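Nothing in this text is a laboratory measurement; each read-out follows from the coordinates by a stated rule. Here the structure is a predicted model, which means the values were calculated and not measured. Heads up, the Cβs are rebuilt from the backbone with ideal geometry, glycines too, and the neighbour counts pull from every protein chain shown.
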Amino acid sequence: MPAPLSLWNSRNSYQQYFIFPAKKAFCYGGGAGSGLREIQSRFGFAFALVDRKRPVETIIFVYDKDNELRYVDTRNQLCLVPYDMGSNYDLSFPERKSLLNGRCSIARSGDIEQISGITVSMYEA
């Protein structure tokens with residue numbers, strides 16, 4: 001992937017980047033290890049708090065089997081990959097549910113080698 005997104009962890013089936021334009025910084029979460037699951041939760045929930053006050057734009061890309069980064073969609077609302085939200089991060093279920101309700105959930109269909117679709121739907125805790 002192109003820099004600065006070239007920090008791909010091959011153990012991840014997804015990576016979600018959290019970008020802070022004012023600070024010219026970003027981090028990424030995923031499911032490959034406890035640290036990445038914590039980042040996915042910590043920053044996903046933090047961005048959900050911000051999204052309550054003003055929309056957090058989400059740009060969806062797929063890095064495909066042909067080593068190409070492909071644009072899928074831009075949403076004017078926060079969309080999170082839900083698989084590891086809450087993992088390795090101490091937040092009660094009611095708090096998690098409250099933060100995620102009203103946010104979009106992103107899921108893929110097909111295996112990682114042959115993604116057959118990307119679905120964006122409302123999160124249901």
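Strictly under 4.7 angstrom between C-beta atoms: which cysteines of the chain have no such partner?
Cys with no partner Cβ under 4.7 Å: 27.
Evaluate the relative contact order of segment 31-122 (contact order divided by residue number), counting alpha-carbon pairs under 8 angstrom at least 6 apart; express in whole percent. Could you put the intermediate results ahead of the total?
Working: 133 pairs, mean separation 25.7, N = 92.
In percent, rounded to a whole number, it is 28.
Helix 34-53 against the longest principal axis of the chain: what's the angle in degrees, Cα atoms only, rounded to the nearest 10?
60 degrees
Would you mind ranking 104, 27, 79 by Cβ crowding within 10 Å, fewest neighbours first?
Details: 104 19, 27 15, 79 23.
Taking fewest neighbouring Cβ atoms as first place, the list is 27, 104, 79.
Could you identify which residue out of 44, 29, 102 has the top mean-square fluctuation in a GNM of the chain using Cα springs shorter than 10 Å?
Evaluated over the chain, the most mobile residue of the options is 102.
Looking at 43, 2, 119, which one has the Cα that reaches farthest to the positive end of the dipole of the chain (charges on Cβ: Lys, Arg +1; Asp, Glu -1)?
So the residue we want is 43.
Mind listing the long-range amide H neighbours of residue 102? Cut-off is under 5 Å, sequence gap 5 or more, other chains count too, H placed in the peptide plane at 1.01 Å from N.
When sequence neighbours closer than 5 places are left aside, the close amide H contacts are 123.
Order of 58-69, 81-92 by packing, highest average Cβ count within 10 Å first? List each step's numbers first, then the result.
On the way: 58-69: 12.8, 81-92: 16.8.
Descending mean neighbour count gives 81-92, 58-69.
Quick one: what Rg and Dmax do you get for the chain from the alpha carbons, in Å?
Rg, Dmax (Cα atoms, Å): 14.1, 41.
What number, rounded to the nearest 500 deg cm²/dmol, is the helix-based mean residue ellipticity at 222 nm of the chain, given -39500 (n - 2.57) per DSSP H run of at least four residues and division by all its residues?
Values: 2 runs with 28 residues, N = 125.
After summing the helix terms and dividing by the residues of the chain, the value is -7000 deg cm²/dmol.
Loop-only check: which chymotrypsin sites (Phe, Trp or Tyr not before Pro) in segment 5-53 are DSSP coil with at most 11 other Cβ within 10 angstrom? Before the final figure, lay out the partial values.
Numbers: sites: 8, 14, 17, 18, 26, 28, 43, 45, 47; in loops: 8, 14.
Here no chymotrypsin sites (Phe, Trp or Tyr not before Pro) fit, given the DSSP loop and packing criteria.
Spin-label point model (7 Å from Cα, Cβ direction): what's the residue 108 to residue 22 distance in nm?
Going from the residue 108 label point to the residue 22 one covers 3.3 nm.
How large is the charge dipole for segment 31-122, taken about the Cα centre, if only the Cβ atoms of Lys, Arg (+1) and Asp, Glu (-1) carry charge, to the nearest 20 debye?
Details: 12 positive and 12 negative charges, 99 e Å.
Once rounded to the nearest 20, the dipole reads 480 debye.
Give the cross-link partners of residue 97 among the lysines, using a straight C-alpha distance below 26 Å as the criterion and excluding same-chain residues fewer than 8 apart.
Output for residue 97: 53.
Please find, in a Gaussian network model of the chain (springs between Cα atoms separated by less than 10 Å), the residue of 109, 98, 13 whose mean-square fluctuation is greatest.
Per the Cα network of the chain with a 10 Å cutoff, 109 tops the list.
If you stretched the chain out fully between residue 63 and residue 6, how much longer would it get, using 0.36 nm times the residue separation minus the C-alpha to C-alpha distance?
Numbers: separation 57, 0.36 × 57 = 20.52 nm, distance 1.11 nm.
This chain segment gains 19.4 nm when fully extended.
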